[in-house]
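Below: the structure, in structure tokens.
Coordinate-derived values only; no laboratory data. Not measured: the values here are computed from a predicted model. Neighbour counts are summed over all protein chains in view; Cβ atoms, including those assigned to glycine, are modelled from backbone coordinates with ideal geometry.
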Number of protein chains: 2
Amino acid sequence: MKHCIGIDIGGTTVKLGLFTEEGELLDKWEVPTRKEEGGRYILSDVAASIKKVLADKGIGRESVAGAGMGVPGPVMPDGHVEVCVNLGWRDMNPQQELSRLLDGLLVKSGNDANVAALGEMWQGGGKGYTDIVMVTLGTGVGGGVIIDEKIIAGKHGLGGEIGHIHVRDEEWEHCNCGGVGCVEQIASATGIAREAKRKMAASDVPSSMRKYGDGITAKDVMDEAKAGDALALEVAETVGRYLGMMLAQVALTVDPEMFVIGGGVSRAGQFLIERIEKYYDHYSPISQNKGKIGLAKLGNDAGIYGAARLVLS
Amino acid sequence: MKHCIGIDIGGTTVKLGLFTEEGELLDKWEVPTRKEEGGRYILSDVAASIKKVLADKGIGRESVAGAGMGVPGPVMPDGHVEVCVNLGWRDMNPQQELSRLLDGLLVKSGNDANVAALGEMWQGGGKGYTDIVMVTLGTGVGGGVIIDEKIIAGKHGLGGEIGHIHVRDEEWEHCNCGGVGCVEQIASATGIAREAKRKMAASDVPSSMRKYGDGITAKDVMDEAKAGDALALEVAETVGRYLGMMLAQVALTVDPEMFVIGGGVSRAGQFLIERIEKYYDHYSPISQNKGKIGLAKLGNDAGIYGAARLVLS
């Protein structure tokens, strides 16, 4: 039996997973992300940890197909990372470096959002499909486009940056990207809370959201919407509208079999999916025969799954 | 030397081209598209014409790698065409059929807009690149997405249907697709003329466009804009704005090396490109390092070039 290793490098911890080539997760563990001195210890920590786990389990080098790695920033096709703000990395090739530290083991790498999408295709909400688009609704809105089982990383690392698609003309605040009216400003956890605060400030309508004050979270908004609060329902509708519009735009570009919705906000579940679907259909009436919308299944493990899958393609 | 044949099936004529595998066009010719009886004679006319040309030139069967065909409608990955309104075809597999008529020659097929994009990548405005998106500004707005030298046709034939991406919320008329606010409603030849008529009707400002009356064309609008007419310049700005927005959305999804702008409206040239670029940058401020925008080069021959190229992949 061959194994593969998935590595998901985050700003606080590095998640690691040991998989079979068939996609079974045999073990997972974490190491802290040491960001000091430009993140120079991250990869040696990772390599030492992998070597120890393989030794402890008595897994020989010959039975490991390779290791894949998700990096929180743009990764060029040859593995080069120009800058990775979250880790302090600059002008390096982490996949070459890690391969060297692992005595020449095959190492592949990709942007973490794209890699998570590959994981959901392999063993998650997109299992059984070859063409999926993942939308991760977290602090921001991330994405990953997988066509024919391969990541569309893009020629400048912008592939799957769908959170920054412009959807709202009447927006006035700026997004982190410098744009105005990105879907991330509305449908991220931060965006949903902001929409709710705007709605409350703009009206005197009683709302069960008011008890949370300025500390209101996306989860609070979704919970109150599910409980029937009119103002919260308006926010959920707005979120569904702009996500549905963005998904329609993406469907008319790459036409996947499935959209997989993940990230913390996706815990709102079918309630959210229904609102997205309504507007997705509205904004792509050209055909009813198009990609379905469903929920992600791997949660925080999507990254290690997808990283391991990188090695197999 | 190996040859390949490109076939571009249109509603009035079928264009054919004989190419070398290196992409040199050796000869091109046309046959009428006989649409009677559900288009049943189209493929036999094409086959007879190809056989005659090859015989006349003394090109033996063994030196022909195959024939590619662009079809004006959605084509499934296996070549199946459910319905092709323009030709009267229904539930058939034209690539299998043509292969049979050509005694088993390799035949591949694809949607005509996607195939034209492949042609521009091979020998046109996108030559030298592997990842391009073509935007054809004709009666409608068509598109084709090429990643890694392959067409992204999509799982339901919607890949590259970028003319129907929603861009304008305040639109009220319906597009042919059933949608409201598609980029085709603004940036197609028809759309540009409509925008100009709306502008003229909505104001009393003198304009050199008024002399054309209701028969004004997209070319008239662009010509008057280049000549400095204020109202026509506003129309050109609107066209650039929504095309730039759509290109930014597509760049944030598949991030090509180049956008190639073709179709009749693209004859406005650099004047149009500059207006698109301005808004493309505005709507994707996340990075300056992204796909360039340029003009198509093959005109009406893009279809036969791309069809021939289909055989080589």
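By the Kirkwood approach, averaging reciprocal distances over each pair of separate Cα atoms, segment B:212-313 gets a hydrodynamic radius of 15.0 Å.
Scanning residues 5 or more positions from residue A:165 or on other chains, those with amide H under 5 Å from its amide H are A:183, A:184, with H placed 1.01 Å from N in the peptide plane. With contacts taken as Cα pairs under 8 Å and at least 6 residues apart, segment A:1-95 reaches a relative contact order of 29 percent.
State whether segment B:55-160 is rounded, prolate or oblate according to the following rule on the C-alpha gyration tensor (a ≥ b ≥ c being the square roots of its eigenvalues): a/c under 1.5 gives rounded; otherwise a/b larger than b/c gives prolate, and the remaining case gives oblate. Here segment B:55-160 falls in the oblate category.
Exposure proxy for B:174, A:156, B:164: other Cβ atoms within 10 Å of each Cβ, ordered fewest to most, give B:174, A:156, B:164.
By other beta-carbon atoms within 10 Å, ranking A:12, B:13 with the fewest at the front produces A:12, B:13.
Within chain A, DSSP assigns beta bridges of which about 55% are antiparallel (rounded to the nearest 5).
For segment A:6-20, the Karplus equation 6.51 cos²θ - 1.76 cosθ + 1.60, evaluated at θ = phi - 60°, returns couplings of x, 10, 10, 8, x, x, 10, 10, 9, 8, 10, x, 10, 10, 7 Hz by residue, with Gly and Pro reported as x.
Computed per residue of chain B from DSSP H runs no shorter than four, each worth -39500 (n - 2.57), the mean residue ellipticity at 222 nm is -11500 deg cm²/dmol.
Shielding of peptide A:243-250 by partners, expressed as the average count of other chain Cβ atoms within 10 Å per residue Cβ, is 4.
Derived scalar couplings between HN and Hα for segment B:164-174 equal 9, 5, 6, 10, 10, 5, 8, 5, 10, 7, 8 Hz in order, rounded to whole Hz, by the Karplus curve 6.51 cos²θ - 1.76 cosθ + 1.60 (θ = phi - 60°), x for Gly and Pro. Loop exposure criterion: GluC sites (Glu not before Pro), DSSP state outside H, G, I, E and B, at most 16 other Cβ atoms within 10 Å. Applied to chain A, the longest stretch between such sites is A:174-313.
Label-point spacing for residue B:85 across the identical copies (point 7 Å from Cα in the Cβ direction), in nm and ascending order: 4.6. With a/c under 1.5 counting as rounded, go ahead and sort the protein assembly as shown into rounded, prolate or oblate using the C-alpha gyration tensor (a ≥ b ≥ c being the square roots of the eigenvalues; past the cut-off, prolate if a/b is larger than b/c, else oblate). Oblate, because a/c is 1.5 or more while a/b does not exceed b/c. An ellipsoid equivalent to segment A:4-130, defined through the eigenvalues of its Cα gyration tensor, has semi-axes of 22, 19, 13 Å when rounded to whole angstrom and sorted largest first. Each other copy places its own label point for residue B:178 at 4.0 nm from this one, sorted shortest first, where the point lies 7 Å along the Cα-to-beta carbon line. Above 39 Å, the calculated P(r) of chain B contains 16 percent of its Cα-Cα pairs. In terms of distances greater than 29 angstrom between alpha carbons, the cross-link table entries B:155/B:278; A:150/A:292; B:211/B:292 yield B:155/B:278; B:211/B:292. Peptide A:279-291 has a mean shielding of 5, counted as Cβ atoms of other protein chains within 10 Å of each residue's Cβ.
Among beta bridges from DSSP that stay inside the protein assembly as shown, the antiparallel ones total about 55%.
Compared with the dominant Cα axis of chain B, that is its longest principal axis, helix B:42-57 is turned about 70°.
For chain B, modelled as a GNM whose springs connect Cα atoms under 10 angstrom apart, the maximal fluctuation among B:68, B:79, B:128 occurs at B:128. For residue A:159, the residues whose modelled amide H falls within less than 5 Å of its own, excluding neighbours fewer than 5 places apart on the same chain, are A:154. Phi angles across segment B:271-288 convert, under the Karplus curve 6.51 cos²θ - 1.76 cosθ + 1.60 with θ = phi - 60°, into 3J(HN,Hα) values of 4, 6, 4, 4, 5, 5, 4, 4, 7, 4, 5, 4, 8, 9, x, 4, 7, 8 Hz, Gly and Pro given as x. Taking a ≥ b ≥ c as the square roots of the eigenvalues of the Cα gyration tensor of segment A:256-313, is the shape rounded (a/c under 1.5), prolate (a/b larger than b/c) or oblate? Oblate shape, in that a/c is at least 1.5 and b/c is the bigger or equal ratio. For segment B:125-159 and segment A:177-230, what is the centre-to-centre distance using only Cα atoms, to the nearest Å? So the two Cα centres are separated by 38 Å. Computed over segment A:103-180, the quotient of the alpha carbon radius of gyration and 2.2 N^0.38 Å is 1.28.
Scanning residues 5 or more positions from residue A:111 or on other chains, those with amide H under 5 Å from its amide H are A:71, A:75, with H placed 1.01 Å from N in the peptide plane.
Placing a label point 7 Å from the Cα of residue A:40 along the Cα-to-Cβ direction, the distances to the matching points in the other copies come to 7.9 nm, shortest first.
Inter-chain neighbour count for B:128-136: the average number of beta-carbon atoms from partner chains within 10 Å of each residue's beta-carbon is 1.
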